[in-house]
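J.: Let me give you the structure first, and then I'll get to my questions.
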Amino acid sequence: MEPNTMASFDDEHRHSSFSAKICRICSDEIRDGDNGQTFVACHVCAFPVCKPCYDYERSTGSKCCPQCKTHYKRHKGSPKIAGDEENNGQDDSDDELNIKNRPDASSIHQNFAYGSENGDYNSKQQWRSNGRAFSSTGSVLGKEFEAERDGATDEEWKERVGKWKARQEKRGLLTKSEQTKDQDSEEEEYLDADARQPLWRKVPISSSKISPYRIVIVLRLVILVFFFRFRILTPARDAYPLWLISVICEIWFALSWILDQFPKWMPINRETYLDRLSMRFERDGEKNKLAPVDVFVSTVDPLKEPPIITANTILSILAVDYPVNKVSCYVSDDGASMLLFDTLSETSEFARRWVPFCKKYNVEPRAPEFYFSEKIDYLKDKVQTTFVKDRRAMKREYEEFKVRINSLVAKAQKKPEEGWVMQDGTPWPGNNTRDHPGMIQVYLGKEGAFDIDGNELPRLVYVSREKRPGYAHHKKAGAMNAMVRVSAVLTNAPFMLNLDCDHYINNSRAIRESMCFLMDPQLGKKLCYVQFPQRFDGIDRNDRYANRNIVFFDINMRGLDGIQGPVYVGTGCVFNRPALYGYEPPVSEKRKKMTCDCWPSWLSCCCGGGSRHKSKSSDSKKKSGIKSLLSKLRKKKKSDTASMSYSRKRSTEAIFDLEDIEEGLEGYDELDKSSLMSQKNFEKRFGMSPVFIASTLMENGGLPEATNTSSLIKEAIHVISCGYEEKTEWGKEIGWIYGSVTEDILTGFKMHCRGWKSVYCMPKRPAFKGSAPINLSDRLHQVLRWALGSVEIFFSRHCPLWYAWGGKLKILERLAYINTIVYPFTSIPLLAYCTIPAVCLLTGKFIIPTINNFASIWFLALFLSIIATAILELRWSGVSINDLWRNEQFWVIGGVSAHLFAVFQGLLKVLFGVDTNFTVTSKGASDEADEFGDLYLFKWTTLLIPPTTLIILNMVGVVAGVSDAINNGYGSWGPLFGKLFFAFWVIVHLYPFLKGLMGRQNRTPTIVVLWSILLASIFSLVWVRIDPFLPKQTGPMLKQCGVDC
């Protein structure tokens, strides 16, 4: 081989071995250096480190390679640091060619595990810090020595490393001074390297479980095509209207199945590493670098949402396992209730004893009502001798606390004529709940009361926004936006946790779980929120009405997590504040595509060159107005040294005043001025509050130094005034989006359309738990509200069917959002389909003509594919068959009742402007004497009429069909079985509803029975009159005229 050929082969081989490598510190892709080839930080061992991590290690880190401990040499273009003089002015790039004589990079890296940008974890062999080489002269550990690491204990590994060092010392490759230095810093290096490991990893579903599942889905789709081909080409001539209705219904069901099924194509699991989070951000002797979190709790009516439940939620937040100075709890009282105000005063006082008790003994859960009611061995894993005594004392104090809360509730039942009066004798400002000023009260915190041990407690803030007649307040979405603004003025934490008043923190480390994603150096910048599943207490063992919603939270949401992220479900969600402000996620840099100058300019324009790129670049300049402005202003105050931070540090920079921003525009040309937001644009977007606008410009959150608390409180009152949002983008592009009672779906949809991603976090211990209505009427009203919100979105400009096409929303994610707003309309074909069996039994007709053996194969194959899909879905998800069956039953119950009414109410609102009132779901605590007494509690509602009518119709049809078969003889039993199967399918699915109607003592409302029997009787008599069961005579009517006729 010729020398030139050999050289080119060497260069090509070297380039390919280092291309597309992943940084072992930040999990980012290692990009090309100035020489056009992959950047190599260390030319001794070629340990994969990207340029930003290399600069960070040289400027503020150990200045050495994490693997071989060789001192980093300066590359061309890197800033000089102390110690570079030892290199005699030579750059490390001068030794670049020497890497040809060293081991191939692929052989060095093949035993390591690494995390990719999206958290994928390749676990050929996990990299450990004490598996490094300790040579400073260029030798590295071989594959044979490295491959044995994971099978050895720490002691065995240290012994092997010691023997290896001895051999290296004999060869003159390791000096004693270096050996001593390595031994002293070995433990510190171990912790340092573990802290740089990924904070989470993606765990894909096993291929043995997911592959058969996908195959069956495709087969089911093929079977559906042939099934509909048969159904359309073989109509039932004697029952053509019934056949046509049934085919239309079946086609709609197939489309609904596609919308629901394919977003579950790529389900994943995720694991978090809380120990690495602590090692990275909570090092001993250093300042805690965990990001602050603002927690939002929303409530409206303290009579439907009992104060003791809200108090338990607040206590669980105050006792969370997180630095107390980084947690602030904001409670929104949208009903301006003095009862809740007094409840928070009592709760803050009780928290001074409850919080230190929880942290001292590490109890779970940290909501006292649910902790003391748990039927478990509370002495398990408890070794402190004082625990039993302290627990009894704490339980007694909690019972006294409950009595005080109950007395407040009893007092609030009857409002005085002159209105409520506070303890200081002044009238309560919220006596008129529809016309009152904004109110803010700060409890606890750094400037408030400490706990009984003298330690600081998290800040607790009561917020009641101003309400005046004539203003649109936008219900819960408006209250959430008010809390966003108040928190930005008072604390401005970069992350926000949203909880309903009945959802307490069941896992005290839940916030840390979310920080593993949000504080990730790469993924965290692209996340809009981390959603946790909802879990519930107080639900009957059989879950009659599918209150747990396990199928949605354990199957659908995990499927969406593999696409662009789960939908926002209204509670148990940790938000990234910039995402709520309407900003787009940071765009990761992409490699420049190869270009060719040999094509004519006119051809490149036709192929999408020139002008197209110019327009995109101009649009990007306009979109990045705030960031470009801040970067230009901050260049004057920051050094040019490139550095990398592994944490979201609390910003200590002074906030730029709006006047400074205007002055900063003077030094730029017209093109730059057009891309920057002026003061008026800021005010039009965020409102007339300089303090709030300044807070939005702080990338890492926090408040400026030397802020005046009293002035901040006044500004907070200003941002919750009822007219603050007028002529701004609040509720349109910023914060919780208005226009639907299900503002959660709409808000998450807007974020995903901008390109943000979300993450589904399912820790082993449920993060949050709440209460759910277990009686039939409340459950149907809850489902009605959800379905009505979906219908409102369907008729709005934000409908996923036509909104933001060509944007950043992935197609499978869009299918999932379409399913969330289309499912209520399934109620119409479902109601018709459930009526068809009774009509067939009463008329003697059927929707399917007589079929041959070949055609019956498609029916059999369809049923088998449905069963196989369900079984394989249960296999990979771990959901029980009982949960799946309850979900199917309530899909029919809710479909023919709540969803149907939601469609008509939505149409009335859109066509005639008839608005419906927002009904708060009752969240009362269950009676200890009868734990599931609410299950049998019955309330009259019109939602009960359609399913009751369907049950009676199908029962009457079964009786009529069997009677007709008995009268007509053996030959009529064959066609009857198909009709009976159809009718029993409806009855079995409505069986939980029938049990709810009967109740424990058959306490069915009379009006329900009367209306249902009346409608069923009229329907049956009409059909009997039109098509009686007696055979018709086609000839003339013959009469017997006498005996001798």
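The values are calculated or read from the model by the stated rules, or taken from the named source; none is laboratory data. As the structure is a prediction and not an experimental result, all values here were calculated from the model. Please note: Cβ atoms are built from the backbone with ideal geometry, for glycine as well, and neighbour counts cover all protein chains shown. Note: accessible area is taken over every heavy atom of the protein model, side chains too, but ligands, DNA and RNA are not part of it. Shrake-Rupley method; radii C 1.70, N 1.55, O 1.52, S 1.80 Å.
J.: For segment 687-697, which residues satisfy the criterion of being in contact (Cβ under 8 Å) with a residue 60 or more places away in the chain, open to solvent by less than 10 Å² (accessible area, probe 1.4 Å) and in a helix (DSSP H, G or I)?
T.: Passing the criteria: Phe692, Ser695.
J.: Taking segment 941-985, which residues are open to solvent by 30 Å² or more (accessible area, probe 1.4 Å), under 38 Å from the mean Cα position of the chain (by Cα) and either polar (S, T, N, Q) or at pLDDT below 70 (or both)?
T.: Within segment 941-985, Thr942 is the sole residue that qualifies.
J.: Sticking with this one: Here are Ser316, Ser337, Ser278: which of them is in contact with a Pro (Cβ under 7 Å, 6 or more places away or on another chain) and within 18 Å of Ser514 (Cβ to Cβ)?
T.: Testing whether each residue is in contact with a Pro (Cβ under 7 Å, 6 or more places away or on another chain) and within 18 Å of Ser514 (Cβ to Cβ) leaves just Ser316.
J.: When segment 421-447 is examined, which residues are found to be among the hydroxyl-bearing types (Ser, Thr, Tyr) and over 18 Å from Ser710 (Cβ atoms)?
T.: Thr426, Thr433
J.: Quick one: count up the residues across segment 365-403 that are acidic (Asp, Glu) and crowded, with 17+ Cβ neighbours inside 10 Å.
T.: 1
J.: Further, regarding this structure: Restricting segment 426-443 to residues that are touching a residue at least 12 places away in the same chain (Cβ under 8 Å) and not in a loop (DSSP other than H, G, I, E, B), which is farthest from Tyr471 (Cα to Cα)?
T.: Once the filter is applied, the top-ranked residue is Tyr443.
J.: Taking the stated definitions as given, is Leu1014 modelled with pLDDT under 65 and part of a helix (DSSP H, G or I)? Talk me through it step by step, then tell me what you get.
T.: Working: modelled with pLDDT under 65: yes; part of a helix (DSSP H, G or I): yes.
Yes: the conditions hold for Leu1014.
J.: So, one more: Can you tell me how many residues within segment 698-739 are under 19 Å from the mean Cα position of the chain (by Cα) and in a loop (DSSP other than H, G, I, E, B)?
T.: Of the residues in that region, 3 qualify.
J.: Residue under question is Phe854, and the condition is that it be in contact with a helix residue (DSSP H, G or I) (Cβ under 8 Å, 6 or more places away or on another chain) and either surrounded by fewer than 21 Cβ atoms within 10 Å (Cβ to Cβ) or not in a helix (DSSP H, G or I) (or both); does it hold?
T.: Against the criterion (in contact with a helix residue (DSSP H, G or I) (Cβ under 8 Å, 6 or more places away or on another chain) and either surrounded by fewer than 21 Cβ atoms within 10 Å (Cβ to Cβ) or not in a helix (DSSP H, G or I) (or both)), Phe854 does not qualify.
J.: Just checking, does segment 372-390 include any residue being closer than 30 Å to Ala336 by Cβ and in a loop (DSSP other than H, G, I, E, B)?
T.: Of all residues in segment 372-390, those closer than 30 Å to Ala336 by Cβ come to none.
Within segment 372-390, not a single residue is closer than 30 Å to Ala336 by Cβ and in a loop (DSSP other than H, G, I, E, B).
J.: Oh, and also: It is to be established whether one or more residues within segment 279-288 are charged (D, E, K, R), surrounded by fewer than 16 Cβ atoms within 10 Å (Cβ to Cβ) and not assigned by the TED database to the domain that holds Asp333.
T.: Residues of segment 279-288 that are charged (D, E, K, R), as a first pass: 280, 282-284, 286-287.
Those left that are additionally surrounded by fewer than 16 Cβ atoms within 10 Å (Cβ to Cβ): 282-284, 286-287.
Still in the list and also not assigned by the TED database to the domain that holds Asp333: none.
No, that holds for no residue.
J.: Kindly check whether there is at least one residue in segment 291-308 that is under 30 Å from Val839 (Cβ atoms) and among the small types (Gly, Ala, Ser).
T.: no
J.: While we're looking at this one, here's another question. One residue is enough: does segment 749-764 have a residue meeting the conditions outside any loop (DSSP other than H, G, I, E, B) and over 22 Å from Leu518 (Cβ atoms)?
T.: Within segment 749-764, not a single residue is outside any loop (DSSP other than H, G, I, E, B) and over 22 Å from Leu518 (Cβ atoms).
J.: Return yes when Gly844 is at pLDDT below 85, in contact with a helix residue (DSSP H, G or I) (Cβ under 7 Å, 6 or more places away or on another chain) and on the phi > 0 side of the Ramachandran plot and no when it is not. Explain how you work it out, then say what you get.
T.: Values: at pLDDT below 85: yes; in contact with a helix residue (DSSP H, G or I) (Cβ under 7 Å, 6 or more places away or on another chain): yes; on the phi > 0 side of the Ramachandran plot: yes.
So Gly844 fits the description; yes.
J.: Are any of the residues in segment 311-321 under 23 Å from the mean Cα position of the chain (by Cα) and surrounded by fewer than 21 Cβ atoms within 10 Å (Cβ to Cβ)?
T.: Within segment 311-321 (the criterion being under 23 Å from the mean Cα position of the chain (by Cα) and surrounded by fewer than 21 Cβ atoms within 10 Å (Cβ to Cβ)), the answer is yes, since at least one residue qualifies.
J.: In addition: Do the conditions hold for Glu447, that is, is it farther than 23 Å from Ser740 by Cα, more than 17 Å from the chain's Cα centre (by Cα) and surrounded by fewer than 24 Cβ atoms within 10 Å (Cβ to Cβ)?
T.: When the stated conditions are applied, Glu447 passes them.
J.: Evaluate the following for Pro267: is it surrounded by fewer than 21 Cβ atoms within 10 Å (Cβ to Cβ) and either at pLDDT 90 or above or touching a strand residue (DSSP E or B) at 6+ places or on another chain (Cβ under 9 Å) (or both)?
T.: No; evaluated as a whole, the condition is false for this residue.
J.: Let me ask something else. More than 30 Å from Asn325 (Cβ to Cβ) and open to solvent by 40 Å² or more (accessible area, probe 1.4 Å): is that true of Ile248 in this structure?
T.: Yes; evaluated as a whole, the condition is true for this residue.
J.: Hey, Val783 hits all of (1) hydrophobic (A, V, I, L, M, F, W, C); (2) open to solvent by 30 Å² or more (accessible area, probe 1.4 Å); (3) in contact (Cβ under 8 Å) with a residue 60 or more places away in the chain but one; which does it fall short on?
T.: (2)
J.: Being surrounded by 21 or more Cβ atoms within 10 Å (Cβ to Cβ) and touching a helix residue (DSSP H, G or I) at 6+ places or on another chain (Cβ under 6 Å) is the filter here, so list the residues in segment 716-740 that pass it.
T.: Ala716, Val719, Ile720, Trp730, Gly735, Trp736, Ile737, Ser740
So that you can scan it fast, the table gives a plain yes or no per residue for (1) modelled with pLDDT of 85 or more; (2) at positive phi; (3) within 34 Å of the chain's Cα centre (by Cα):
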position: Ile881; (1), (2), (3): yes, no, yes
position: Leu911; (1), (2), (3): no, no, yes
position: Asn917; (1), (2), (3): no, no, yes
position: Ala929; (1), (2), (3): no, no, no
position: Phe932; (1), (2), (3): no, no, yes
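J.: Just a yes or no: is a residue in segment 291-300 in contact (Cβ under 8 Å) with a residue 40 or more places away in the chain, under 21 Å from the mean Cα position of the chain (by Cα) and not in a strand (DSSP E or B)?
T.: There is at least one residue in segment 291-300 that is in contact (Cβ under 8 Å) with a residue 40 or more places away in the chain, under 21 Å from the mean Cα position of the chain (by Cα) and not in a strand (DSSP E or B).
J.: Further question: Which is of a type outside the set (Lys, Arg) and surrounded by fewer than 19 Cβ atoms within 10 Å (Cβ to Cβ), of Asn576, Asn542, Asn547?
T.: Of Asn576, Asn542, Asn547, the one residue that is of a type outside the set (Lys, Arg) and surrounded by fewer than 19 Cβ atoms within 10 Å (Cβ to Cβ) is Asn542.
J.: Quick check, is Phe401 among the aromatic types (Phe, Trp, Tyr) and in a loop (DSSP other than H, G, I, E, B)?
T.: no
J.: Looking only at residues in segment 508-531 that are more than 23 Å from Tyr583 (Cα to Cα) and not in a helix (DSSP H, G or I), which one is most open to solvent (accessible area, probe 1.4 Å)?
T.: Within segment 508-531, the match that is most open to solvent (accessible area, probe 1.4 Å) is Arg509.
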